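Enquirer: One structure, as structure tokens, below. Some questions next.
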Amino acid sequence: MTPIREESRQTPSRVTRVEDRRVAGSQESRAQQGIRSALRESQVRLQTILDNSPAAIWIMDLEGRYVLVNNQFERWWGFAGAAPGKTDHDCFPKERADEYRANDLRVIETGQGVEFEEHVALADGLHTYLSIKLPIRGADGRVTGTCGIATDITERKRAEEALRESEEKYRTLVEQIPAVTYIDEVPDDDDPSDLTPVYISPQIETLLGYLPQEWIANPDMWNEVVHPDDFPTIDAEAHRAFAAGTQLSAEYRMIARDGRIVWIREESSLVRDEQGRPKFWQGIYIDITGLKRAEEELNNALQREMDASERLRALDDMKNTFLQAVSHELRTPLAAILGLALTLQRDEVELDESEMRDLATRIVSNSRKLDRMVADLLDLDRLTRGIIEPKLSDTDVGALVRHLVNETDMPDGRRAIVEAEPVVLPVDASKVERIVENLLANAVRHTPVGSRVWVRIEAHAGGALITVEDEGSGVPEELHEAVFEPFRQGSAASSHSPGVGLGLALVARFAELQHGRAWVEDRPGGGASFRVFLPGAPRR
């Protein structure tokens, strides 16, 4: 019995084993309950998070059935909790359902997410949703379903559309106005002339021949096209405007690609950030080339009008001078002729033969002077109207002038010194004589008593050069051309014999008539040196 009792003490009874299993089972049940409770809490928390998300979220299995949807999904698409267990074809029109299922299959097959936008007409208007579908994977990495997230981007799309419309309106305005619009960023060194172009409107091609992309690609383009003569000024203006924070307004020239000079007006301003740091220049280039041309033409027209007024004033002055001179020059010989004739007419005056001859000689001299004056006036008029033709014949100009000077009586002790070499040319001999006569008369009128006059004839450049020099006061440089105008007299004209200002005008016109020219230079040692070049007209 003892062994049996020992065995009884050491071996558990059946009742004990049953009780142990009951206790263990109770403990396992409590653990499972805890796990299930924690899982339910986790699901509640997850559902709470999903339901409070501003995005629509859903999960689908591989067959395309909804497993989970959140409140936002139900609100947007109006399912009110009825979506789980259904497919897209149960919930949406066929076209949309086919598109959704195609996206699901793409995610399942590739294991990659997809993103797409869709426009949905709801009760409150058209909405735009940005949807993303992602794969759901199991512990072994295989795709077990899909998760979708949709965000309502309607307001963002509307804002983007409004921004695009605004930008398009601005761009259309900028690119249609007759000016070039630009934006240049200011670099960190704050140098307003060292800018980076970020935008320039297409009108730059019309203005200068450069494409916008060319302009933007070359930060030095502006420096290269500004006219070198204008660059220092406009560069200084830009620095002053930058330093003062004022608007830049300047006019200067640019050189177009084809070499054209283009005048532009630049109006620009410096834009700064909230801290006052310079960000960029924005401005416009306006083509003012036409305006500048019109301004130049206006100035030229004004100058021409002023010159014409000055010429009219000078002509009026010359007319008055001419009338005074003519009245004196005409009256002097007329008075002499009349006086001498009256003397001869008086019966009580007894004159011997020599006295009568002297009176007749004086009458002839004054008559010739009067005839010469009238002839000069008539010749000037005919030359002005172009109705005189030269009568050309081969003539030894040297011999012609020598003979003329030798036959001329120089008054008041003046002497004429002739140096004439033979020069044979086809010239109008009578007009050559008139040229030399008028030059000698001019020398007499503007030189002191007893002075010398030099007359030279020499071959020159295939023609003849006639030079008449005197010892007078000369001709001021500013009058070197004016003295050959009609009715113009030198400042040193003799007070007793002023002349009418026709002699030198006829000298110039007679020279031009024979394709030559007349001019005056200063004589070395003092006085004037009048010169006439006659090339000789070509034979026919």
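Each value in this text was obtained by applying a stated rule to the coordinates, not by laboratory testing. Source: prediction; values computed, not measured. Every residue, glycine among them, receives a Cβ derived from its backbone with ideal geometry; neighbour counts consider all protein chains shown.
Enquirer: Given the chain, what percent of its DSSP beta bridges are antiparallel, to the nearest 5?
Expert: Percentage antiparallel, nearest 5: 95.
Enquirer: Then there's this: Once the Cβ-Cβ distance between THR233 and ILE417 is put in as r, and R0 is 60 Å, what FRET efficiency do you end up with, to the nearest 0.05?
Expert: Once rounded, the FRET efficiency stands at 0.50.
Enquirer: Based on the Cβ-Cβ distance from GLU485 to ALA461, what FRET efficiency comes out when R0 is 25 Å, to the nearest 0.05?
Expert: Efficiency, from the Cβ-Cβ distance: 0.45.
Enquirer: Here's another thing I want to ask about it. At 0.36 nm per residue, minus the direct Cα-Cα distance, what do GLN303 and HIS127 gain on full extension? Give it in nm, one decimal, please. It would help to have the intermediate numbers written out before the result.
Expert: Working: separation 176, 0.36 × 176 = 63.36 nm, distance 7.23 nm.
Extending this stretch completely gives an extra 56.1 nm.
Enquirer: Number of Lys-Lys pairs in the chain under 26 Å by Cα, sequence gap 8 or more or different chains?
Expert: Counting lysine pairs in the chain gives 11.
Enquirer: Something else: Run the Debye formula on the Cα coordinates of region 53-153, all scatterers equal and no solvent, and tell me log10 I(q)/I(0) at q = 0.16 1/Å.
Expert: The Debye formula, applied to the Cα set alone, gives -0.65.
Enquirer: Taking semi-axes √(5λ) of the Cα gyration tensor in Å straight from the coordinates, which label in (i) 40, 27, 23; (ii) 54, 26, 21; (iii) 125, 24, 22 is the correct one?
Expert: Only one listed value fits the structure, namely (iii).
Enquirer: Taking the square root of 5 times each eigenvalue of the Cα gyration tensor, what semi-axes in Å does the equivalent ellipsoid of region 101-208 have, largest first?
Expert: 47, 22, 13
Enquirer: Separate question: Along its three principal axes, how long is region 389-534 when you only count alpha carbons? Whole Å, largest extent first please.
Expert: 40, 29, 26
Enquirer: Out of the trypsin sites (Lys or Arg not before Pro) in region 131-207, which ones are loop residues according to DSSP with at most 14 other C-beta atoms within 10 Å?
Expert: ARG142
Enquirer: Could you work out how much longer the chain between ARG265 and ARG156 gets when fully extended? Use 0.36 nm per residue separation minus the Cα distance between them, nm to one decimal. Could the numbers behind the result be given before it?
Expert: Numbers: separation 109, 0.36 × 109 = 39.24 nm, distance 4.10 nm.
Net length gain for the segment: 35.1 nm.
Enquirer: Let me ask something additional. What GluC sites (Glu not before Pro) in region 335-389 are in a loop by DSSP, with at most 16 other Cβ atoms within 10 Å of the Cβ?
Expert: Qualifying residues, ordered by number: GLU348, GLU350.
Enquirer: ILE35 to ARG257: FRET efficiency via 1/(1 + (r/R0)^6), r the Cβ-Cβ distance, R0 60 Å, to the nearest 0.05? Write down the numbers at each step before the final one.
Expert: On the way: r = 82 Å, r/R0 = 1.36.
Plugging the Cβ-Cβ distance into 1/(1 + (r/R0)^6) gives 0.15.
Enquirer: Let me ask something else. Between THR408 and ALA294, what is the spin-label point distance in nm, taking each point 7 Å from the Cα along the Cα→C-beta axis?
Expert: Going from the THR408 label point to the ALA294 one covers 5.8 nm.
Enquirer: Output the relative contact order of the chain, whole-number percent, from Cα pairs under 8 angstrom with separation of 6+ residues. It would help to have the intermediate numbers written out before the result.
Expert: Values: 772 pairs, mean separation 36.9, N = 540.
This gives 7 percent for the chain.
Enquirer: Same structure, new question: Modelling each spin label as a point 7 Å along the Cα-to-Cβ direction, I'd like the ARG277/ALA360 distance in nm, to one decimal.
Expert: 11.5 nm
Enquirer: Under a point spin-label approximation (7 Å from Cα along Cα-to-Cβ), what is the ARG313-VAL349 distance to one decimal in nm?
Expert: 4.9 nm
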